[in-house]
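Working notes for the structure below.
The values are calculated or read from the model by the stated rules, or taken from the named source; none is laboratory data. Keep in mind the model is a prediction, meaning the values are calculated, not measured. Reconstructed Cβ throughout: ideal geometry from the backbone, glycine too, with neighbour counts over all protein chains shown.
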Amino acid sequence: MKKKTLSSEYPFAIGIPAVIWQILFFYAPLLLLLVGSFLTWSDTNTFTGVSLDKFTFFFRGSYLSVIASSLLLALSNSIICFLIAYPLAYFMAFKGRKWQNLLLFFLIVPFWTNFLLHVYAWFFVLEREGFLNTLLQWLGITSEPIIFLNSTFATMVMMVYYYMPFILLPMYSSLEKFDVKLIEASYDLGASWLQTLRKIVLPLCSRGIKTGFFLVFIPSFGEFAIPELMGGDRRMFVGTVVSQFILGDETGSFGAAFTVFSCVVLLISSLALYFFIDWLLKPKATRW
Amino acid sequence: MKKILFRSAVISFWLLLLITILYWPKITWQTTDKNSINVFAWGDILDPDVVKDFEKTTGIKVHLNYYSSNEELIVKLKATHGEGYDLIIPSDYAVQILIRENLLKPLDKTQLHFWNTLNPLLLGHFYDPDNRYSIPFEWEIYGLGIDKDYFQNRPLTPSWRLIFDPNLIDYRIGMVNDPIEAVLFASFYLYGDQNNLSLPQQYAIGQLLIQQHQWVAVYASFRADYLLATKNCPVVIASSSYIWRTMRNYPYVHFLIPEEGTFITIENLGIPLASTKEDLVYQFLNYLYSKESSAAHFATYGFFPSTTHAYDLMHLDPLADQLIHSSKEQFSKYHFIQELLPEEEIRNIWVEVKSGYSESYCELH
Amino acid sequence: MVKSNSFATICHLLIIAATYVFLYTPIIVLLVFSFNSATFPAPWTKFTWAWYEELLASVHLWKAFLNSLIIASCATLISLIAGVLFIFYAAQGGKIGKFLPLFYGNLIIPETVLAVSLLGFFSFAMIPLGMTTLILAHTLLGLGFVIPMVYARFKELDYRLTEASLVLGATPIQTFFKITLPMLRPTLLATSLLVFILSFDDFVLSYFCAGSTAQTLSLYILSMLRSEISPVVNALSAVLLVLSSGLVWIFFSLRTRTKIF
């Protein structure tokens with residue numbers, strides 16, 4: 001029976017800074033953000049009251065359309081990343097055991113390099129006289145350079161390029177722990193490859209899929225640097241609007257309100273997507 | 001009970017420690033390097049070689065910090081009440097705002113040996129009529145960057161129509177990314193030199209910019225020259241310095257002044273009120289306005305210097321020569337950038353343009 | 001072994017090949033052009049080391065690089081130490097399970113939101129923006145990684161080893177430093193690497209919380225991307241690629257030797 005003296009409290013004294021740090025620098029600022037978006041101040045900096053004015057300011061077509069653009073970007077990015085990453089993860093987990101370390105290594109090296117340099121690298125490939133155009137013309141497929149850059153295409157390419165490892169790694173780690181015998185059993189019982197996939201493999205690794213999906217979906221929503229650099233800054237996203245308001249003069253609280261508003265939208269869509277994906281991956285016999 | 005007290009004490013200790021660390025820079029601010037100045041500037045306005053030479057010659061260390069817009073400068077200066085910086089480089093209208101907010105220090109012109117070399121056309125403008133607080137450093141003019149190859153067999157009139165007229169445009173253009181400039185140019189194209197815009201006029205400006213959006217390849221003031229050099233866009237609206245950088249390397253890049261008139265910006269140097277190192281700053285200024293420095297800045301960045309004694313050192317092409325030697329009359333036709341509408345309106349228009357959603361303004365107001 | 005369907009295998013191989021071509025084409029093109037003597041968009045002229053020399057001479061770049069290095073190291077160190085201390089508390093029987101979910105949020109919310117709320121907090125508390133605030137922000141990211149990962153590994157440790165140590169007369173502190181920590185070492189090293197890289201490459205937090213005094217590598221590259229395209233950036237990418245390959249290699253040698261997570 002440990003004596004409950006003060007000196008036995010020292011582990012608390014030592015261990016607590018992490019929690020203090022977290023509360024002070026993570027939760028307090030978020031709370032401040034939330035509260036600040038509701039409060040109003042008069043011109044002479046006196047507190048006047050609580051209102052939803054700052055929120056209703058953003059209830060207009062242009063800002064709602066900005067949020068919708070971000071949602072669309074995040075969703076399409078997540079789906080494309082999934083479609084590319086899943087076969088790769090599948091291969092690495094089941095068929096390429098001996099190469100998995102090598103494949104993972106080459107996957108992580110670009111992942112651990114500054115993403116702005118990757119943006120820069122893609123300029124070289126997608127430019128008018130860049131690698132891709134030169135290749136296509138050399139192969140005789142095209143005679144005129146195609147404009148790839150400063151378009152939605154370029155933005156999507158870079159988004160997928162950057163976010164793919166985020167979805168691949170969780171899916172891979174959950175597939176890695178998969179019991180191969182289950183697949184064998186399924187084949188022995190006469191199921192086709194597609195049936196095995198959708199009734200055995202997908203449902204059992206749904207946790208990895210969901211983790212990976214949201215690891216892409218949520219950050220993509222707040223992305224603004226890639227559309228600016230690759231998309232010619234032709235379209236505004238949530239991040240762009242937020243940075244304009246936050247870094248502007250006396251509009252900081254509006255930026256806060258817009259951030260809170262977008263987060264609410266993000267939360268709702270994430271929940272909806274979560275349940276949808278859950279439903280999709282269930283192995284009920286009557287569905288697809 | 002004792003446990004709760006102890007835990008509270010522990011938490012308070014850690015909080016105190018953290019707070020001290022956080023506010024440390026503020027406390028030690030005053031005791032930093034005495035023989036140095038803090039310069040707050042645009043990213044590409046001060047030639048690093050000139051700065052390095054100055055440091056070597058005088059031994060005064062120059063700390064450079066960067067901002068990317070006048071608004072950022074004003075916000076940051078207001079937030080710190082001008083503390084922390086010894087030299088700033090605001091544009092014309094920003095000087096006016098800073099003077100109004102009482103953030104600039106009056107200059108002691110006796111310390112500045114180069115005053116008589118300054119181009120008189122750049123002095124005495126609306127933002128600082130006696131140049132009590134600011135010295136013009138360089139100026140640039142807005143115009144159309146053109147790809148000559150594209151217009152070899154096509155008629156070319158130097159006009160704002162090249163970026164606004166739907167009957168003329170069947171190519172991609174590069175547009176400025178600053179909403180204030182965009183609104184100003186659109187208004188100038190539609191209504192000429194006009195200050196008070198009515199509601200229908202505001203709406204028309206918004207609609208013009210929305211219409212223009214379909215032709216714009218990139219909204220970027222900074223990369224205008226790159227767009228021309230890579231032949232991505234045959235027409236780009238940009239300020240002269242960006243184009244001049246590329247003109248030297250690419251013979252097909254040309255610069256035209258729109259015949260209806262155009263805009264200029266003058267970048268000025270000023271000293272924040274809270275600075276205590278004016279003597280060091282004056283040394284820096286005298287160095288910065290020397291012949292060699294002016295020529296170096298033109299060579300590196302392409303802006304027209306405010307001093308008149310460096311022309312023999314600069315390699316001026318005919319167009320630059322003509323512009324630099326503008327007569328008083330010609331100069332008076334150039335307009336300054338100003339905010340035609342309240343900030344909120346401009347911001348709303350800009351979000352409209354870039355969100356892809358069209359909406360009627362008149363219904364809202 | 002899974003019964004292989006040759007059509008499926010070929011499809012798989014094609015997808016793998018295509019993915020890696022997709023991943024590495026830009027990088028290879030970038031590297032090749034770092035040796036080109038002419039600036040893009042001019043085509044290949046001749047081989048030169050000139051851009052690397054210019055890279056070495058670029059004072060501002062190295063300052064930014066150093067800043068990023070300092071910030072990343074400090075953030076990693078602080079989150080590591082805070083994490084270890086936190087685990088220490090758990091090792092002495094503290095019930096930290098209830099505190100753990102507090103740390104999940106760091107990685108869940110979009111970085112933009114985190115940056116914006118921190119910026120608001122700093123302005124409100126009038127904390128001067130700079131290296132300190134950046135280190136602070138990056139440490140939050142670090143904590144979000146370190147604490148859940150190390151705690152998960154800690155929970156999996158064989159408690160009998162610590163019990164045996166205590167029974168044999170070691171004090172709890174000795175047990176912690178001589179038994180628990182060494183067993184956690186691979187995880188700690190791996191997470192430190194992760195946090196270091198995350199912080200070094202970070203862009204969003206630096207964009208909002210750096211103020212005007214702290215120039216990080218990401219911000220420097222951004223300013224270069226926005227203004228002039230220079231092959232010096234190519235040279236920089238080559239150097240950074242070599243560096244990150246080295247770090248990944250270290251990470252992998254840790255991973256294959258012992259179980260990390």
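Go through the stretch B:296-323 and give me each residue that's in contact (Cβ under 8 Å) with a residue 40 or more places away in the chain, touching a strand residue (DSSP E or B) at 6+ places or on another chain (Cβ under 9 Å) and of a type in the set (A, V, I, L, M). Once the filter is applied, which keeps residues that are in contact (Cβ under 8 Å) with a residue 40 or more places away in the chain, touching a strand residue (DSSP E or B) at 6+ places or on another chain (Cβ under 9 Å) and of a type in the set (A, V, I, L, M), the stretch B:296-323 yields B:L319, B:A320, B:L323.
Yes or no, residue by residue, for (1) outside any helix (DSSP H, G or I); (2) more than 8 Å from chain A (Cβ to nearest Cβ):
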| residue | (1), (2) |
| --- | --- |
| C:L119 | no, no |
| C:L129 | yes, yes |
| C:T133 | no, yes |
| C:V150 | no, yes |
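Residues in the stretch C:31-53: is at least one within 14 Å of chain A (Cβ to nearest Cβ), surrounded by 14 or more Cβ atoms within 10 Å (Cβ to Cβ), aromatic (F, W, Y) and free of Cβ contacts under 8 Å to residues at least 24 places away in the same chain? Checking the stretch C:31-53: at least one residue is within 14 Å of chain A (Cβ to nearest Cβ), surrounded by 14 or more Cβ atoms within 10 Å (Cβ to Cβ), aromatic (F, W, Y) and free of Cβ contacts under 8 Å to residues at least 24 places away in the same chain. Selection of the stretch C:220-235 for residues being surrounded by fewer than 20 Cβ atoms within 10 Å (Cβ to Cβ) and either outside any helix (DSSP H, G or I) or at pLDDT 80 or above (or both) yields C:S227, C:E228, C:S230.
When you scan the stretch B:164-174, do you find a residue that is within 14 Å of chain C (Cβ to nearest Cβ) and over 23 Å from B:A295 (Cα atoms), even just one? Yes.
Say whether the condition of being more than 8 Å from every other protein chain (Cβ to nearest Cβ) and at pLDDT below 85 is met by at least one residue in the stretch A:161-173. Within the stretch A:161-173 (the criterion being more than 8 Å from every other protein chain (Cβ to nearest Cβ) and at pLDDT below 85), the answer is yes, since at least one residue qualifies. Annotation: C:G169 fulfils all but one of (1) part of a helix (DSSP H, G or I); (2) free of Cβ contacts under 8 Å to residues at least 12 places away in the same chain; the unmet one is (1). In the stretch B:203-233, the residue that is surrounded by the fewest Cβ atoms within 10 Å (Cβ to Cβ) out of those that are within 20 Å of A:F148 (Cα to Cα) and hydroxyl-bearing (S, T, Y) is B:T230.
Scanning the stretch C:153-166 for residues that are charged (D, E, K, R), exposed (fewer than 15 other Cβ atoms within 10 Å of the Cβ) and either touching a strand residue (DSSP E or B) at 6+ places or on another chain (Cβ under 8 Å) or in a helix (DSSP H, G or I) (or both) yields C:K155, C:E156, C:R160, C:E163.
In this structure, C:S79 does not qualify as within 10 Å of chain A (Cβ to nearest Cβ) and under 30 Å from B:T80 (Cα atoms). One residue stands out in the stretch B:106-126 among those that are in a loop (DSSP other than H, G, I, E, B) and among the aliphatic types (A, V, I, L, M): the one that is surrounded by the fewest Cβ atoms within 10 Å (Cβ to Cβ), namely B:L112.
Among the residues of the stretch C:98-113, just one is outside any helix (DSSP H, G or I), within 7 Å of chain A (Cβ to nearest Cβ) and over 21 Å from C:Y207 (Cα atoms), namely C:F99. Looking at the stretch A:181-249, the helices (runs of 4 or more DSSP H) lying wholly inside it that each contain 1 or more residues that are crowded, with 22+ Cβ neighbours inside 10 Å and within 24 Å of the chain's Cα centre (by Cα) sit at A:206-221, A:225-230, A:238-246. Can you confirm whether A:V157 is of a type in the set (V, I, T), more than 21 Å from A:Y90 (Cβ to Cβ) and within 12 Å of chain C (Cβ to nearest Cβ)? Yes, satisfied. Looking across the stretch B:60-81, the residues that are part of a helix (DSSP H, G or I) and within 12 Å of chain C (Cβ to nearest Cβ) come down to B:E72, B:L73, B:V75, B:K76, B:L77, B:K78, B:A79. Are any of the residues in the stretch B:96-105 loosely packed, with under 14 Cβ neighbours inside 10 Å and within 28 Å of the chain's Cα centre (by Cα)? Scanning the stretch B:96-105 turns up at least one residue that is loosely packed, with under 14 Cβ neighbours inside 10 Å and within 28 Å of the chain's Cα centre (by Cα). Within 14 Å of chain B (Cβ to nearest Cβ) and either within 26 Å of B:Y226 (Cβ to Cβ) or assigned to a helix (DSSP H, G or I) (or both): is that true of C:V248 in this structure? For C:V248, the condition - within 14 Å of chain B (Cβ to nearest Cβ) and either within 26 Å of B:Y226 (Cβ to Cβ) or assigned to a helix (DSSP H, G or I) (or both) - is not met. B:H325 meets all of the listed conditions (1) surrounded by 14 or more Cβ atoms within 10 Å (Cβ to Cβ); (2) more than 14 Å from chain A (Cβ to nearest Cβ); (3) modelled with pLDDT of 80 or more but one, namely (1). Of the helices (runs of 4 or more DSSP H) lying entirely inside the stretch B:277-325, not one carries at least 3 residues that are farther than 22 Å from B:L87 by Cβ and small (G, A, S).
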